[in-house]
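These notes are about the structure you will find just below.
Coordinate-derived values only; no laboratory data. Small disclaimer: the values here were computed from a predicted structure and weren't measured. With ideal geometry, Cβ positions are generated from the backbone for all residues, glycine too; neighbour counts draw on all protein chains shown.
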Amino acid sequence: MLHPDNGPMVLELNAQPGLQIQLANGIGLRKRLERVEDLEVRDDEHGVKIAKALFAERYLDRVKAEEGIKTLSVFETVKVIDAPGNKVEIPAKIDTGAWRTSIDRELANSLGLLKKENVLWAKEVKSSLGKEMRPVISLKYYLAGRFIKTIAGLADRANMKSKLIVGRRDLGGFLVKPEGLTV
C-alpha cells in the first residue's frame with residue numbers, strides 16, 4: 001500500500017512468497033520489483049502514475065470477447081493524443097522485437113508530451129553511441145480503433161523511417177502479419 005507519509009509499505013509477508021509467479025494474475029513479484037528498482041518518485045500522484053504505467057494489467061479476454069482479435073500490418077497509422085487532447089495521425093512501425101513503445105524525442109516535444117508532469121522517469125540505455133539517460137513518458141493513442149494508454153521511451157529517431165515504434169507490450173489482443181517486412 002502507499003502510506004501518505006511513509007510511501008510504499010508491505011502489509012503481509014508469507015513464509016514462502018511466490019517471487020516467480022503469483023496465482024491471481026500469473027505475474028511474478030520479482031520482475032515487478034526489478035521494474036521499480038532505482039526509480040525516484042516525486043510525490044504520491046507521480047507514484048500512482050508510475051504504478052499504473054508499470055503494473056496495470058490489460059483485460060485481454062474481455063477485449064477479445066468484445067472486439068475480436070484485430071490483425072495489424074507491420075506499418076500502421078496511429079492517432080496519438082497530444083497535450084491539448086487532439087488526435088494526431090502518426091505513421092508507426094509495429095515492432096514485435098521491441099518490448100516498449102518508443103517515440104522520437106522531437107515528435108514528442110512537438111506534441112507537448114515532454115512536460116514535467118508527463119515524464120515518469122529516466123532510464124539508462126546502452127546503444128552503439130554509448131550510455132545515455134532516456135526519459136519514459138505517458139502516452140495515449142489509438143491503434144486499429146483501440147485506445148491504448150501506455151508508457152513510451154524517448155529516442156532520437158530523426159533519421160529513422162518511423163518516428164513511432166509500437167512495442168509488444170501494447171500488442172496484446174492483436175495479431176501482426178509480417179507482410180511488407182524488409183530484411
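What number comes out for the charge environment of residue 155, summing +1 per Lys or Arg and -1 per Asp or Glu over other residues with Cβ under 15 Å away?
+4
Treating the beta-carbon of each Lys and Arg as +1 and of each Asp and Glu as -1, no other charges, what is the dipole magnitude of the range 60-176 about its Cα centre, to the nearest 20 debye?
The calculation lands at about 180 debye.
Figure the gain on full extension for residue 5 and residue 118 (residue separation times 0.36 nm, minus the Cα-Cα span) and round it to one decimal in nm.
In short, 38.3 nm is gained.
What number, in nm² with one decimal, is the all-direction average of the projected area of the convex hull of the alpha-carbon atoms of the range 60-176?
So the mean shadow area of the Cα hull is 7.5 nm².
Long-range amide H contacts for residue 120: which residues qualify at under 5 Å (H placed 1.01 Å from N, peptide plane, sequence gap of 5 or more or a different chain)?
Distant-sequence amide H within range of residue 120: 136, 137, 138.
Taking R0 as 30 Å, what FRET efficiency do you get between residue 127 and residue 33 from their Cβ-Cβ distance, rounded to the nearest 0.05?
0.70
For a quick check: with amide H placed at 1.01 Å from N, whose amide H comes under 5 Å from residue 75's, ignoring anything fewer than 5 positions away on the same chain?
Hits under the 5 Å cutoff: 94.
Residues with amide H under 5 Å of residue 70's amide H, sequence separation 5 or more or different chain, H placed in the peptide plane at 1.01 Å from N; which?
Excluding prolines and chain starts, which carry no amide H, the hits are 175.
Once phi is turned into θ = phi - 60°, what whole-Hz ³J(HN,Hα) does the Karplus curve with 6.51, -1.76 and 1.60 give for every residue of the range 80-89, x standing for Gly and Pro?
Couplings: 7, 8, 7, 4, x, x, 7, 8, 10, 6 Hz.
If you average the sequence gap of Cα pairs under 8 Å that are 6 or more apart and divide by the length of the range 103-183, what percent do you get for the contact order?
Relative contact order comes out at 29 percent.
List, in order, the whole-Hz ³J(HN,Hα) value for each residue of the range 133-146 obtained from phi through the Karplus relation with A = 6.51, B = -1.76, C = 1.60 and θ = phi - 60°; use x for Gly and Pro.
After applying 6.51 cos²θ - 1.76 cosθ + 1.60, I find 8, 10, x, 10, 10, 7, 9, 10, 7, 10, 10, 6, x, 9 Hz.
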